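As structure tokens, the structure follows; a few thoughts come after it.
The values are calculated or read from the model by the stated rules, or taken from the named source; none is laboratory data. What you see is a predicted model; the values in this text were computed from it and never measured. Cβ coordinates were reconstructed from backbone atoms using ideal geometry, including for glycine residues, and neighbour counts include every protein chain displayed. For accessibility, only protein heavy atoms count, side chains too; no ligands or nucleic acids. Shrake-Rupley method; radii C 1.70, N 1.55, O 1.52, S 1.80 Å.
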Amino acid sequence: MSAVLAHAEVRQRMAAAAQRAGRAPDAVTLIAVSKTFDATAILPVLGAGQIDFGENRVQEARGKWPDLRLRFPGLRLHLIGPLQTNKAADAVRLFDSIHTLDRPSLAAALAREFARQGVKRQLFIQVNTGEEAQKAGVSPQEADSFIAACRNEHGLDPSGLMCIPPADEPPETHFRRLADIASRNGLSLLSMGMSGDFETAIACGATHVRVGSSIFGAR
Ligand SMILES: *Cc1c(COP(=O)(O)O)cnc(C)c1O
């Protein structure tokens, strides 16, 4: 199936999932995850009206997105992969939204870059809801204090939370855990749900789903 048809199908499934959950069809933003795919693969999806795209590496994004932005000035780019502190300047330059804020040193680096570049970016704090050793994110127990530190010590205004549930567990528990933490901290956005579970995520309140292979094909 072409990426354009697959994209339309994902959009339809999202709208149906929102309707089943009693939510407005436009309550959920689709982030088309284009990592590993080049401009040739991305262009038709941009042409189909897709606005939000996700990349997991700063370096890779720098190679392909500046040119695409010239042609589609309205697009929004989301960083969904881990961010090294020494790449914070580049990330703030390239991305509209960063989903992987997960430690004090990165909060400090981002605050410094916002000041230096005179910009602000949408921020999601990544929570390691499954407490997996190999995964980034603050632990659920540390989330409240990290959110408070972002606000009070670093002067940041995070918009929401992000998680990647463990591959071998039902995702609902993790989506609900993330929604709880967001709600008790006054955060309105939830970045959760991928190709395999975005409908479940929408039922649990996702405002941003990150869908790659269901649109662009296997990587
Ligand atoms: C790759 C990736 C996705 C998209 O995954 P698919 O299963 O291809 O939809 C979503 N979120 C993150 C953080 C990713 O790295």
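Say whether the condition of being in a loop (DSSP other than H, G, I, E, B) and within 13 Å of the ligand (Cβ to nearest atom) is met by at least one residue in segment 136-154. Write out each step before concluding.
Looking only at segment 136-154, we keep the residues that are in a loop (DSSP other than H, G, I, E, B), and these are 136-137, 139, 153-154.
Filter once more, keeping what is within 13 Å of the ligand (Cβ to nearest atom): 136-137.
Yes: segment 136-154 contains one or more residues that are in a loop (DSSP other than H, G, I, E, B) and within 13 Å of the ligand (Cβ to nearest atom).
Quick test of your reading of the structure: H99 fulfils all but one of (1) out of contact with any Leu (no Cβ under 7 Å at 6 or more places or on another chain); (2) touching a residue at least 60 places away in the same chain (Cβ under 8 Å). Name the failing condition by number.
Looking at each condition in turn, H99 falls short on (1).
Looking at V127, V119, V138 in this structure, which one is open to solvent by 30 Å² or more (accessible area, probe 1.4 Å) and β-branched (V, I, T)? Step through it out loud before you land on a result.
Details: V127 fails: open to solvent by 30 Å² or more (accessible area, probe 1.4 Å); V138 fails: open to solvent by 30 Å² or more (accessible area, probe 1.4 Å).
The conditions single out V119.
Picking from A203, A167, A179, which residue would you name as being under 17 Å from A18 (Cβ atoms), of a type in the set (G, A, S) and more than 17 Å from the chain's Cα centre (by Cα)?
Selected residue: A203, the only one of A203, A167, A179 that is under 17 Å from A18 (Cβ atoms), of a type in the set (G, A, S) and more than 17 Å from the chain's Cα centre (by Cα).
Is there any pair with a first residue in segment 25-41 that is assigned to a helix (DSSP H, G or I) and a second that is β-branched (V, I, T) and crowded, with 21+ Cβ neighbours inside 10 Å whose Cβ atoms are under 9 Å apart and which are 6 or more apart or on different chains, and what are they?
Going by the 9 Å Cβ cut-off, the qualifying pairs are A27/I202.
Looking at segment 91-101, which of the residues that are buried (at least 17 other Cβ atoms within 10 Å of the Cβ) and over 13 Å from the mean Cα position of the chain (by Cα) is farthest from W65 (Cα to Cα)?
As a first pass, look at segment 91-101 and keep what is buried (at least 17 other Cβ atoms within 10 Å of the Cβ): 91-92, 94-95, 97-101.
Add one more test, that the residue is over 13 Å from the mean Cα position of the chain (by Cα), and what stays is 91-92, 94.
Numbers: A91: 12, V92: 14, L94: 8 Å.
If we take residues in segment 91-101 being buried (at least 17 other Cβ atoms within 10 Å of the Cβ) and over 13 Å from the mean Cα position of the chain (by Cα), then V92 is farthest from W65 (Cα to Cα).
Look at segment 33-63 and say how many of its residues are within 16 Å of the ligand (Cβ to nearest atom) and on the phi > 0 side of the Ramachandran plot.
Residues that pass the stated criteria total 1.
I need the full set of residues from segment 50-78 which are in a helix (DSSP H, G or I), under 18 Å from R121 (Cβ atoms) and either small (G, A, S) or open to solvent by less than 70 Å² (accessible area, probe 1.4 Å) (or both), in order please.
V58, A61, W65, P66, R69
Please enumerate the residues belonging to segment 102-135 that are assigned to a loop (DSSP other than H, G, I, E, B), away from the ligand (no atom under 16 Å from the Cβ) and either closer than 21 Å to E60 by Cβ or within 17 Å of the chain's Cα centre (by Cα) (or both).
R103, K120, R121
Touching a residue at least 60 places away in the same chain (Cβ under 8 Å), surrounded by fewer than 20 Cβ atoms within 10 Å (Cβ to Cβ) and over 16 Å from L94 (Cα atoms): is that true of A17 in this structure?
No: the conditions fail for A17.
Give the number of residues within segment 161-179 that are open to solvent by less than 10 Å² (accessible area, probe 1.4 Å) and of a type in the set (K, R).
Of segment 161-179, the ones open to solvent by less than 10 Å² (accessible area, probe 1.4 Å) are 161-163, 166, 174-175, 178.
Imposing the further condition that a residue be of a type in the set (K, R) reduces the set to none.
Qualifying residue count for the region: 0.
Please work out which one of (1) among the hydrophobic types (A, V, I, L, M, F, W, C); (2) out of contact with any strand residue (DSSP E or B) (no Cβ under 6 Å at 6 or more places or on another chain); (3) closer than 30 Å to L46 by Cα; (4) outside any helix (DSSP H, G or I) is the condition A88 fails and give its number.
Against the list (1) among the hydrophobic types (A, V, I, L, M, F, W, C); (2) out of contact with any strand residue (DSSP E or B) (no Cβ under 6 Å at 6 or more places or on another chain); (3) closer than 30 Å to L46 by Cα; (4) outside any helix (DSSP H, G or I), A88 comes up short only on (4).
Tell me which residues, restricted to segment 171-219, are part of a loop (DSSP other than H, G, I, E, B) and within 13 Å of the ligand (Cβ to nearest atom).
The initial filter retains those residues of segment 171-219 that are part of a loop (DSSP other than H, G, I, E, B), namely 185-188, 192-197, 204-207, 212, 217-219.
Once the filter is applied, which keeps residues that are part of a loop (DSSP other than H, G, I, E, B) and within 13 Å of the ligand (Cβ to nearest atom), segment 171-219 yields M192, G193, M194, S195, G196, D197, A206, G212, G217, A218, R219.
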